[in-house]
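Structure, as structure tokens:
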Amino acid sequence: MTDSIALYTPEERRRRDQTPWTLVQGILAPIQFLVFVVSTILVIRFLITGEDEWITTVSIVSKTLLLYLIMITGCIWEKVVFGRYLFAKAFFWEDVFSMLVLALHTAYLLALTNAWLATHALMVLALGAYLAYVINAAQFLLKLRAARRQQARAEIRGSPVGGVAYE
């Protein structure tokens, strides 16, 4: 990783630090993750035992609604910070993969509400959506970690530019 291309310009970093949408994202992300963990356990339990279909379905729908909420607020955050609702250069690949995550979660809701799949197949689809979510969450966490490292290096050097270099 090099310092040649920073994730944030100084102005973008200022906007990131000042917008309340940064806090909103910071609150919603761990809530969504907690719902994901509980829901994943319920889905796996259902697939093994066939028990608690209703609560498992509620957990998947809840996870999906939280995903929609975090995506909408994330788009607003991205617009405030980068001037684009989606696909800002700094988060292009994360946003691309987020579209897959949204598509899989939406496919689950459509299949559920239209009875397109049997319950077992719905649960497998949910697990596929969850796997995509884990990959996407890892993308964002790695970017956040790199941003913090670069910011710390910049502060040590006395540089006004923080952010993350990306390859």
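Observations, loosely collected:
Matching residues to (1) without any contact (Cβ under 8 Å) to a residue 40 or more places away in the chain; (2) surrounded by 13 or more Cβ atoms within 10 Å (Cβ to Cβ); (3) part of a helix (DSSP H, G or I):
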{"position": "Thr22", "(1), (2), (3)": "no, yes, yes"}
{"position": "Ile31", "(1), (2), (3)": "yes, no, yes"}
{"position": "Phe46", "(1), (2), (3)": "no, yes, yes"}
{"position": "Leu65", "(1), (2), (3)": "yes, yes, yes"}
{"position": "Thr73", "(1), (2), (3)": "no, yes, yes"}
{"position": "Trp77", "(1), (2), (3)": "no, yes, yes"}
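- Of all positions in the range 2-18, none carries a residue that is assigned to a helix (DSSP H, G or I), more than 13 Å from the chain's Cα centre (by Cα), aliphatic (A, V, I, L, M) and under 24 Å from Ile135 (Cβ atoms).
- Subset of the range 109-155 that is hydroxyl-bearing (Ser, Thr, Tyr) and farther than 16 Å from Glu94 by Cβ - its residue that is surrounded by the fewest Cβ atoms within 10 Å (Cβ to Cβ): Thr113
- Cross-chain or 6+ apart pairs with Cβ under 9 Å, the range 91-120 first and closer than 25 Å to Ile55 by Cβ, then surrounded by 16 or more Cβ atoms within 10 Å (Cβ to Cβ) and of a type in the set (Lys, Arg): His105/Lys63
- Extreme residue, nearest to the chain's Cα centre (by Cα), among residues of the range 107-121 that are outside any helix (DSSP H, G or I) and closer than 20 Å to Arg45 by Cβ: Leu117
- Long-range neighbours under 9 Å by Cβ, at least six apart or interchain, first residue farther than 17 Å from Glu11 by Cα within the range 145-162, second modelled with pLDDT of 75 or more: Ala146/Leu7
- Among the residues of the range 81-90, not a single one is charged (D, E, K, R), surrounded by 14 or more Cβ atoms within 10 Å (Cβ to Cβ) and either out of contact with any Asp or Glu (no Cβ under 7 Å at 6 or more places or on another chain) or touching a residue at least 24 places away in the same chain (Cβ under 8 Å) (or both).
The values are calculated or read from the model by the stated rules, or taken from the named source; none is laboratory data. All values reported here derive from a predicted model rather than from experimental measurement. Backbone-built Cβ (ideal geometry, glycine too); neighbour counts: all protein chains shown.
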